[in-house]
Amino acid sequence: MFNGVAMNILKDKRLMLCAEMVKGDAAADIGTDHGYLPTHLVLQGKCTRCIAADINPMPLDAARKTVTENGVSTKVDIVLSDGLESVELTGITDVIIAGMGGELIARIIDDCKTLHSKDNDINLVLQPMTRPEELRIYLYENGFEVTSERCVREGRFIYSVMCARFIGEKPAYEMDKRYIHLGRTDITEGFGKEYAIDRINKLKKAAEGMLKSKDSRQEGLQKAELVKMLTDQLREAEQ
Ligand SMILES: C[S@@+](CC[C@H](N)C(=O)[O-])C[C@H]1O[C@@H](n2cnc3c(N)ncnc32)[C@H](O)[C@@H]1O
């Protein structure tokens with residue numbers, strides 16, 4: 001505390017958005033690295049306790065240092081774990097998996113059967129660095145509803161963070177191209193719109209590269225078609 005105001009140790013807007021999307025009061029941060037996020041959640045009083053987990057010992061040394069220096073070592077447990085394998089989820093309200101590829105995030109969720117139960121009602125806060133579409137498809141096909149998705153810009157990069165919960169059936173929305181590539185973001189304004197433009201530009205670049213080679217021409221044409229469809233949807237949403 002500084003003059004009665006909790007110190008903010010997060011300098012990163014991406015992690016700030018992840019913190020904002022935590023709902024409950026006990027979060028497990030998987031792939032915590034320096035442990036900034038769980039430390040922040042406890043310092044801000046948003047969580048009464050947290051778990052900081054990582055597969056590698058070195059990041060956990062850094063997390064231990066962060067936790068100790070900020071006086072929250074009794075409230076943040078440091079756990080060496082591949083995904084959620086060694087994480088005790090009893091009483092945990094939120095699981096955060098940020099800063100990894102969409103496929104790895106999906107694999108970590110798939111490996112933890114406790115998450116696949118309506119009884120536990122855990123809010124998943126997910127921030128894929130790459131292949132968000134793989135994660136969205138996995139969630140849809142495995143009974144997880146994306147309840148909200150928000151975006152943020154950090155320098156040159158724009159990130160999406162989604163909240164998901166297990167509902168045990170296919171969500172009410174469609175798994176269409178809009179959901180797969182642009183997520184459940186509001187693409188009509190602000191960072192949501194910037195995110196949509198960024199995703200479309202990336203697909204466009206990939207399509208152009210593919211169209212240059214005879215072997216990948218067919219795939220390039222499909223991607224170009226997708227780009228057109230998403231661009232039209234973005235225009236329609238803006239009207
Ligand atoms: C790029 S850092 C992201 C750190 C932080 N979550 C963030 O978003 O800034 C990825 C971290 O995930 C850890 N990691 C990678 N695979 C993992 C797994 N299967 N289980 C737990 N942690 C993992 C790495 O050791 C690394 O510390």
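The values are calculated or read from the model by the stated rules, or taken from the named source; none is laboratory data. The shown structure was predicted, so the numbers you read here are calculated from the model rather than taken from an experiment. Neighbour counts are summed over all protein chains in view; Cβ atoms, including those assigned to glycine, are modelled from backbone coordinates with ideal geometry. Each accessible area value is taken on the protein alone, full model and side chains, heavy atoms only, with ligands, DNA and RNA left out. Shrake-Rupley method; radii C 1.70, N 1.55, O 1.52, S 1.80 Å.
Cβ-Cβ under 6 Å, sequence separation 6+ or interchain: first residue in the stretch 150-169 and outside any strand (DSSP E or B), partner surrounded by fewer than 14 Cβ atoms within 10 Å (Cβ to Cβ). Which pairs?
G168/K118
All but one of (1) outside any helix (DSSP H, G or I); (2) out of contact with any His (no Cβ under 9 Å at 6 or more places or on another chain) hold for N201; which doesn't?
For N201, the exception is condition (1).
Please count how many residues of the stretch 101-132 are open to solvent by 40 Å² or more (accessible area, probe 1.4 Å) and more than 20 Å from E20 (Cα to Cα).
Count: 13.
State whether the residues of the stretch 21-40 include one that is more than 9 Å from the ligand (Cβ to nearest atom), in the same structural domain as C163 (by TED's automatic domain parsing) and free of Cβ contacts under 8 Å to residues at least 24 places away in the same chain.
no
Could you grab me the full set of residues in the stretch 173-226 that are free of Cβ contacts under 8 Å to residues at least 40 places away in the same chain and among the β-branched types (V, I, T)?
Passing the criteria: T185, I197, I200.
When you scan the stretch 41-68, how many residues do you find that are of a type in the set (D, E, K, R), within 17 Å of A98 (Cβ to Cβ) and within 13 Å of the ligand (Cβ to nearest atom)?
1
Name the residue, out of A52, A98, that is assigned to a strand (DSSP E or B), touching a Cys at 6+ places or on another chain (Cβ under 7 Å) and either crowded, with 24+ Cβ neighbours inside 10 Å or in the same structural domain as E154 (by TED's automatic domain parsing) (or both).
Details: A52 fails: touching a Cys at 6+ places or on another chain (Cβ under 7 Å).
Testing whether each residue is assigned to a strand (DSSP E or B), touching a Cys at 6+ places or on another chain (Cβ under 7 Å) and either crowded, with 24+ Cβ neighbours inside 10 Å or in the same structural domain as E154 (by TED's automatic domain parsing) (or both) leaves just A98.
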